[in-house]
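The values are calculated or read from the model by the stated rules, or taken from the named source; none is laboratory data. Source: prediction; values computed, not measured. Using ideal geometry, Cβ is built from the backbone for each residue, glycine included, and neighbour counts are taken over all protein chains shown.
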Amino acid sequence: MKLEKQSLKKRIAAANHEVPADIVIKNGKIIDVFNGEIIEGDLAISEGVIVGIGEFEGNQIIDARNRYICPSFIDGHVHIESSMVTPAEFCKVVVPHGVTTVITDPHEIANVSGKKGIEFMIENSKDIPLDVFFMLPSSVPATPFENSGAELTASDLDSFYSHKRVLGLAEVMDFPSLQNGKDSILDKIVAASEKKGKIDGHLAGLGPDAVNIYKSAGITTDHECHTPSEAKERLKRGMYLLIREGSAAKDLTSLISVVTERNARRCLFCTDDKHLDDLIGEGSIDYNVRLAIQEGLDPLIAIGMATINAAECFGLSNKGAIAPGYDADFLLLDDLDSIEISEVYKNGNLVAKAGTYVGEDIHAPGPDSSLTNTVNIPPISKGDLVIPVNHSDKACIIEIIPNQLRTIKSVETIEVNDGSFSPSVTKDQLKICVVERHKHTGNIGKGIVKGFGIKEGAIATTVAHDSHNIVAVGTSDGDILKAIQSLNEINGGLVVVQNGKVITSLSLPIAGLLSNHDSSTVYNGLMKLKSALSEVGFTGTFNPFLTLSFLTLPVIPSLKITDLGLFDVESFRHISVEAE
């Protein structure tokens, strides 16, 4: 925000008690994130900025009624697209949960629609009561082992760095290119260092030597830790540790023990990927804070991680604290154990109360037609889905780990009929297919997956990280084919099929990732999908659509699948479904 002299004069005058402040909060217990203490005093606000703590007169008085005045929360790394709603609608979902600032990486929509996708996200998040800061996608496509809808070079990203809400370069996930010093990634890192300086990491499954490489390249964060030892390796080498609790990846309970009074200032929270139903049901960063406290972390340390730590990590010098010179973005909390949020204020204005958005109506620009016609596949038959088995009844199988992004590479005996793989509900060996949907190539990657527990039918989605081709899993070729065809008809989304019929579907016409409807409509659609999953026999304790969407991400171990086939992340190459 540009500082104008008249505004500055007014702030100084209010701080100096020469004029009343615009707003004064009285009778509150202020959370001091710098000293980790609770202090008392009036909180004075002018021009949307905190100008003093002490005794003040104001044009408007708000009685905090002995509640805690807490800085509002910051999500250190989130893909808004995973909520399946636009940024403007996402705002109305997360603000009631105390989140008024997010650092987002729009690489999902960028992998489908390139620069136009990024431009849409920036424009749709303009002038809303949620500060949306951007890290530019570093890996579009994520790897050269798949086909996405776009390719972004360093020069393609260059013009975005002049935007005031662009902070740097998002998660660098192509480790082999970084390790081998390829110009394609080094050019992006150099440009980010010169213009903004903030660069996020993505060190999934990587050891200390890789941390050395990332840190030597000026990359300062990682949100892909799963074990305490991994977290400590990042911290001891000077990285910021982002502790993630999303819909698919839930790392907080395993990592929170690493956080101490000595290292807490290098730790913060993120959600990364969280579905709309989980955001509404559980919450956003408020859930991370609440869970950390339940796991034994001091509430003031947890709040600091969600506020000042995140702000300092990303250079947001006016965010994250209740102190003069900081934006008046704050919460009124009933207590520090449950983190029950009574009210949410943005720039001193009430925007949420008792879990409901009460801010001004948001009128944001919609997408153009180039973003709403992104499913482009040729005619497909059941014969195109066959997995030939020529030499052995042993196959390499993707074994999912519930509520994790990583998978296990298993080798098992499979059922073979007429020289091809036959799905087995008894063995929980289902067929998985990835259909390239951007360039009309006709590519179909085929494999076998274990762990979904679906008894009949198929599910499919165009939300398939990061290239977002169509991915489908099912018990029969007929139902898988029907699911794929249905997604083509509705321009992308999610679908459940049984006995050749669509039980229910949710259309996501914006890049096959986002709905053009409000969050209530999308939520109801997700609830219908959840109900339909029980009809095809799913009884798991994880989100099968979210799990499915990450089986196509070939940068997280161990075995994944792309439109070019089964992919071994450990050896970074495609492999045969038949075991050697």
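The residue list Lys446, Lys394, Lys382, Lys427 contains one member that is under 21 Å from Ser549 (Cα atoms), at pLDDT 95 or above and basic (Lys, Arg), which is Lys446. Remark: pairs (first residue in segment 229-247, acidic (Asp, Glu); second residue not in a loop (DSSP other than H, G, I, E, B); Cβ separation under 6 Å; 6+ apart in sequence or on different chains) = Glu233/Pro208; Glu233/Val211; Glu245/Leu252; Glu245/Asn288.
Of all residues in segment 328-370, those satisfying the criterion of being of a type in the set (Ser, Thr, Tyr) and over 16 Å from Ile74 (Cα atoms) are Ser338, Ser342, Thr356, Tyr357, Ser369, Ser370. Could you list, in sequence order, the residues of segment 461-483 that are under 26 Å from the mean Cα position of the chain (by Cα) and over 24 Å from Val140 (Cα atoms)? Of everything in segment 461-483, those that are under 26 Å from the mean Cα position of the chain (by Cα) and over 24 Å from Val140 (Cα atoms) turn out to be Val473, Ala483. Just so you know, in segment 313-343 the residues that are in a loop (DSSP other than H, G, I, E, B), charged (D, E, K, R) and touching a residue at least 60 places away in the same chain (Cβ under 8 Å) include one that is surrounded by the most Cβ atoms within 10 Å (Cβ to Cβ), and it is Asp329.
Restricting segment 67-86 to residues that are in contact with a Phe, Trp or Tyr (Cβ under 6 Å, 6 or more places away or on another chain) and of a type in the set (Val, Ile, Thr), the residue that is nearest to Ile199 (Cα to Cα) is Ile80. For segment 194-209, the count of residues that are under 28 Å from Ser549 (Cβ atoms), in contact (Cβ under 8 Å) with a residue 40 or more places away in the chain and small (Gly, Ala, Ser) is at least one.
At least 1 residues being in contact with a strand residue (DSSP E or B) (Cβ under 7 Å, 6 or more places away or on another chain) and under 30 Å from Arg244 (Cβ atoms) is the threshold, and among the strands (runs of 3 or more DSSP E) wholly inside segment 344-456 those reaching it are 349-353, 394-400, 407-413, 429-435, 444-450. From the list Arg234, Arg262, which one is assigned to a loop (DSSP other than H, G, I, E, B) and either at pLDDT 95 or above or under 20 Å from Val569 (Cα atoms) (or both)? Within the list Arg234, Arg262, the selection yields Arg262. Report, by residue number, each residue of segment 249-290 that is over 18 Å from the mean Cα position of the chain (by Cα) and among the aliphatic types (A, V, I, L, M). Of everything in segment 249-290, those that are over 18 Å from the mean Cα position of the chain (by Cα) and among the aliphatic types (A, V, I, L, M) turn out to be Leu255, Ile256, Val258, Val259, Ala264. If you check Ser369 against the conditions, is it surrounded by fewer than 21 Cβ atoms within 10 Å (Cβ to Cβ), of a type outside the set (Asp, Glu), out of contact with any Asp or Glu (no Cβ under 7 Å at 6 or more places or on another chain) and free of Cβ contacts under 8 Å to residues at least 60 places away in the same chain? Taking the combined requirement at face value, the residue satisfies it. Would you check if there is a residue in segment 345-357 being among the small types (Gly, Ala, Ser), at pLDDT 95 or above, surrounded by fewer than 16 Cβ atoms within 10 Å (Cβ to Cβ) and more than 21 Å from Thr462 (Cα to Cα)? Checked against the condition, which is being among the small types (Gly, Ala, Ser), at pLDDT 95 or above, surrounded by fewer than 16 Cβ atoms within 10 Å (Cβ to Cβ) and more than 21 Å from Thr462 (Cα to Cα), segment 345-357 yields at least one hit.
Only one of (1) closer than 26 Å to Gly149 by Cβ; (2) not assigned by TED's automatic domain parsing to the domain that holds Val289 fails for Val51. Which number is that? Condition not satisfied by Val51: (1).
Being of a type outside the set (D, E, K, R), crowded, with 24+ Cβ neighbours inside 10 Å and closer than 25 Å to His517 by Cβ: is that true of Ile118 here? Yes, satisfied. Of the strands (runs of 3 or more DSSP E) lying entirely inside segment 31-86, those containing at least 3 residues that are under 31 Å from the mean Cα position of the chain (by Cα) and closer than 30 Å to Tyr240 by Cβ span 68-71, 73-78.
Within segment 432-453, being over 30 Å from Glu151 (Cβ atoms) and either aromatic (Phe, Trp, Tyr) or surrounded by 24 or more Cβ atoms within 10 Å (Cβ to Cβ) (or both) holds for Ile448, Phe452.
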